[in-house]
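Asks: First, the structure itself, so that you have it in front of you.
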Amino acid sequence: MSILNEITELVIKGDIMGTKAKVAEAVEQKVEATDILNNGLMPGINEIGERFAKGQIFVPNVLMSAKAMNTGVEVIQPLLAAGGDTTIGTAVIATVKGDLHDIGKNLVGLMMKSANLKVIDLGANVPAEKFVEAIKEYNPDIVGLSALLTTTMNEQGHVIEVLKQAGVRDQVKVMIGGAPVTQAWADKIGADAFTADAAAAARWAKEYVTSIR
Amino acid sequence: MVGRVKYEVLSDQELQYLKSRMEQLLIERGIHLDHEELLSELDKLGCAVDMEKKDVRFTKELIDRAVAAVPKKFTLYSPSGKYDLEFPNPTGSFYTRTNTGAPNYRTINGDTHYTTLEEVDEWYKITNVMENLDYVTLPSTSGEYVPGDAVDVYTLEKALKHSAKHIWIQPYESDNVQWLIDMAAAAVGGLENLQKKPIVSFISCGVPSLTFKHMDAEVLYRCAKAKVPVQPCSLPTAGANTPVTAQGTAFVACAEVFAQIVILELLCPGLPVIATPLLFSMDMQSTYTLQSNTEITIARLICMELFERGYNIRAHSYGTGTDSVVLDAQNFIERTNLIDAMAMSEASVLGGAGQLETAKTISPVQLIIDNEIFGIARRIRRGLDVNDETLDWEDLISGADRDPSFSFLTSEHTFRHFTEPHRPDMFNRDSPVNWELAGSKTLAEKAVEKFHAIMAAEDVYALPADKAAEVEKVLKQAHAALVKE
Ligand code: B12
């Protein structure tokens, strides 16, 4: 097995220390950093994505593999060109104001990271203005709003209004989600996407950012 | 409290182990509490409080003092006076309650939407006449129909006006807590009356692990001050915010609930409390929150035993419910399995009546059927007495049945006992021929019929007009104070 295949296998296994060591070994052997990324680490995480979509593995497998991949990336980061950003796009996510439920939002973040997006997580109970600031600061492709209460769902609509007023609405796609949220609600408040779970959210985000690159 | 038939899911050794670990957690790690006044009160009471970090640690002495202060007997009263709930239940049975907090309402036509205030009226009209349902909660109305800042206050107004049974209140905002207490007081002619006969109790709830946000701390604080009973909750999701093992999750939930009880009893010794750990788990493929995982069901029983047997504190958890979206076989397997397990546990209260979809939807049809299942479960809890009379010893030893003129159908013993076997109202207990003659109706169809009969009948309870006017006054004031438009 080539060293790149070994890296792929270690990512699939979710072996964090193993991946780190193997990537370091590859660097020592003068394998190109981009080669390690594209032909070692990436095939591993892509395979994991496919297995998960087929229902063959579970979320903890995905997250452990993503961790393994990230430790590998950290090793080669300094060697990659242009600051070494390997992500395919950026998402700002948060749970809206008045709402403290963050389990779903965290999962969305983790799954998006596993799909190789850069994720800026603003936390829970986040007021609308913070989204405007974050858009200006991070220039994301996507803004994800989570709400778990029928009382705080309204806040998702409010955030969209505030983005419009601040003139930044058209710079981003707004995704919404959370237990009481539906496609009908997304249509009503003018969100760009609703997904029922974190895996679908990551798929939608990945497809979208790939389509505009 | 237990009847005759019971599960024991903990050995004595495991029970002692859990108790000492739980206390150790509160003594060494402690809790995080976002509430200045409460923090300083706990500081004065001798807890180790870090005002800056908002962390609190308890001592063994304080814990023991708090546990000793939990009343061994208390009553949760009903607005109508007809459904007062004595704890422990004098018959050894459990009490039941409706589901709290579900955002969606499934009408009898199968239409599902965010709950409206009219549907809240409908709900209480049903709960008032469900004979196996002991107290109620607030259906969660939506910010689409009611001012989003005050859904709890608006829904409580409906409950106070229409529910004949005790009301368990789930607040949605810190600022609303005192208004909810005031409104309940208005319904009984003042706070003093409410303290004497609490017709409401409150939900407070931790954020796992061992963190209490301002609203819940506010519930603890205000209820302790107002002497209004609390059924403190914890809603962990195994694998998401607590250990993935059901045992680990039960442990964190119990510790959170226990911390709240300790706080309440230190602030207001003798306040009625019911420990309410409500466990969930996360499906590791769909990431959906589940209620009906088998290990979690056992873990619920662990929680019940820990409080009831371990501390002689009344305990309460989900006693019905499903992860299924509809009234299908999965639904009924899950809920009956849970109801039976809880009926045979130490639980004092079985919660969740009427819910589908992991507590996110309530359905009147489901509620009417749950009432029926609770009837069965109550009998399971009760068990059977074994003695000469129940064996029919006299007839048997005398050989009375050898006499050709004897028949069990006509015996005195049968006449004394024939009404005892349970006959669930809506179940088929007839031949296929007669079942067809009667319209080949399924259980769900009979529940819908019952629904229509209830709706057509007069409501059995309404809050007297003078009290209703007082409640409305508080609603107006609360609206003015809370609703930011
Ligand atoms: C765990 C939980 C809590 C925990 C939250 C802990 C935490 N750190 O998040 C605690 C105990 C703190 C809590 C508190 C409350 N809760 Co709560 N809670 C739940 C529970 C049981 C599970 C929620 C959860 O985490 N699910 C697991 C995650 C993975 O699912 P999810 O969030 O839906 O996310 C998935 C999708 O929706 C989607 N998604 C989520 N966000 C996003 C965002 C985007 C952009 C996209 C694309 C997708 C997406 O992907 C996720 C992963 O697949 C639900 C009941 C239930 N069955 O869902 C009630 C529930 C949501 N809570 C409810 C209530 C009422 C409350 C309280 C008001 C109760 C109280 N009085 O204390 C408070 C409110 C506090 C506040 N201000 O926010 C109600 C809501 C009722 C309503 N009217 O809407 C529910 C339905 C329970 C009930 N029946 O009472 N709660």
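Asks: According to a simple spin-label model (label point 7 Å from Cα along Cα-to-Cβ), what is the distance in nm between B:V460 and B:K82?
Replies: With each label placed 7 Å out from Cα toward Cβ, I get 0.4 nm.
Asks: Next question. What FRET efficiency do you get for B:E295 and B:R382 if R0 is 25 Å and r is their Cβ-Cβ distance, rounded to the nearest 0.05?
Replies: 0.35
Asks: Compute the Kirkwood hydrodynamic radius of the stretch B:305-459, taking the inverse of the mean of 1/r over all pairs of distinct Cα atoms, and give it in Å to one decimal.
Replies: Roughly 18.8 Å, rounded to one decimal.
Asks: Also, quick follow-up: If you bin the C-alpha pair distances of the stretch B:220-282 every 10 Å from 0, what whole percents do you get?
Replies: 26, 42, 23, 9
Asks: Give me the distance between the Cα centres of the stretch B:391-463 and the stretch A:1-65, rounded to whole Å.
Replies: The stretch B:391-463 and the stretch A:1-65 have Cα centres spaced 66 Å from each other.
Asks: Okay, moving on. At 222 nm, what helix-only mean residue ellipticity would chain A give, in deg cm²/dmol to the nearest 500, using -39500 (n - 2.57) for each DSSP H run of four or more?
Replies: That calculation yields -16500 deg cm²/dmol at 222 nm.
Asks: Taking C-beta distances below 4.7 angstrom as the pairing criterion, name the unpartnered cysteines of the protein assembly as shown, in sequence order.
Replies: Isolated Cys, the protein assembly as shown: B:C47, B:C223, B:C254, B:C268, B:C303.
Asks: Extent of the stretch B:32-111 along each principal axis, from alpha carbon coordinates, in Å, largest to smallest?
Replies: 54, 38, 21
Asks: Okay, next question. Quick check on my link table: of B:K227/B:K476; B:K72/B:K196; B:K54/B:K196; A:K105/B:K360, which ones sit more than 28 Å apart, alpha carbon to alpha carbon?
Replies: In this structure, B:K54/B:K196 lie more than 28 Å apart at Cα.
Asks: To continue, here is another question. Give the long-range amide H neighbours of A:L117: residues separated by 5 or more places, or on another chain, with amide H under 5 Å away, using H modelled in the peptide plane at 1.01 Å from N.
Replies: Sorted by chain and number, the residues that satisfy this are A:I88.
Asks: Something else: Taking the DSSP beta bridges in chain B as the whole, what percent of them are antiparallel, to the nearest 5?
Replies: Roughly 35 percent of the beta bridges in chain B run antiparallel, per DSSP.
Asks: How big is D, in µm² s⁻¹, for the stretch B:427-485 by Stokes-Einstein at 20 °C and 1.002 mPa s if Rh is the Kirkwood radius over C-alpha pairs?
Replies: 135 µm²/s
Asks: Of the residues A:K130, A:K118, A:K67, which exhibits the maximal mean-square fluctuation in a Gaussian network model of chain A defined by a 10 Å Cα contact cut-off?
Replies: A:K130
Asks: Moving on. For the stretch A:3-84, what Kirkwood radius comes out of the mean inverse Cα-Cα distance, in Å?
Replies: 12.3 Å
Asks: Roughly how many Å² of B:L10 are accessible to a 1.4 Å probe, to the nearest 10?
Replies: The accessible area of B:L10 comes to roughly 10 Å².
Asks: Ok, one more. Over the stretch A:90-212, one equal point on each Cα, no solvent: what is log10 I(q)/I(0) by the Debye formula at q = 0.13, 0.14, 0.20 Å⁻¹?
Replies: Summing over Cα pairs of the stretch A:90-212 leads to -0.41, -0.48, -1.06.
Asks: Chain A: D in µm²/s via Stokes-Einstein (Kirkwood Rh, Cα pairs, 37 °C, 0.692 mPa s)?
Replies: For the chosen part, D equals 183 µm²/s.
Asks: Using 1/(1 + (r/R0)^6) with R0 = 45 angstrom and r between the beta carbons of B:T107 and A:E50, what's the FRET efficiency to the nearest 0.05?
Replies: 0.60
Asks: Moving to a separate point now. Rule-of-thumb check for the protein assembly as shown: C-alpha Rg over 2.2 N^0.38 Å?
Replies: In units of the 2.2 N^0.38 Å rule of thumb, it is 1.07.
Asks: I need the calculated FRET efficiency for the pair A:E129 and B:L191, taking r as the beta carbon distance and R₀ as 45 Å, to the nearest 0.05.
Replies: 0.65
Asks: At what distance in nm do the modelled label points of A:I120 and A:M1 sit from each other, each positioned 7 Å from its Cα along Cα→Cβ?
Replies: 3.9 nm
Asks: Starting from the 7 Å offset along Cα-to-Cβ, what nm value, one decimal, do you get for the label separation of B:E37 and B:E420?
Replies: Output for this residue pair reads 5.5 nm.
Asks: Can I get the semi-axes of the stretch B:370-485's equivalent ellipsoid? Compute them from the C-alpha gyration tensor as square roots of 5 times the eigenvalues, in angstrom, largest first.
Replies: In descending order, the three semi-axes are 51, 23, 14 Å.
Asks: Please report, in Å, the Rg and the Dmax of chain B, where both are computed over Cα atoms only.
Replies: Using the Cα atoms of chain B, the pair Rg, Dmax is 23.6, 87 Å.
Asks: Still on this structure: Does the stretch B:105-150 classify as rounded, prolate or oblate by the C-alpha gyration tensor (a ≥ b ≥ c root eigenvalues; a/c under 1.5 gives rounded; else a/b over b/c gives prolate, otherwise oblate)?
Replies: oblate
Asks: Grab the DSSP H runs of chain B that are 4 residues or longer, score each as -39,500 (n - 2.57), total them, divide by all residues and round the 222 nm result to the nearest 500 deg cm²/dmol.
Replies: Rounded to the nearest 500, the figure is -13500 deg cm²/dmol.
The values are calculated or read from the model by the stated rules, or taken from the named source; none is laboratory data. Predicted, not measured: the structure shown is a model, and the values here were computed from it. For neighbour counting, all protein chains shown are included, and Cβ atoms are generated from backbone atoms with ideal geometry for every residue, glycine included. Quick note on the areas: whole protein, heavy atoms, side chains included, nothing else; ligands and nucleic acids left out. Shrake-Rupley method; radii C 1.70, N 1.55, O 1.52, S 1.80 Å.
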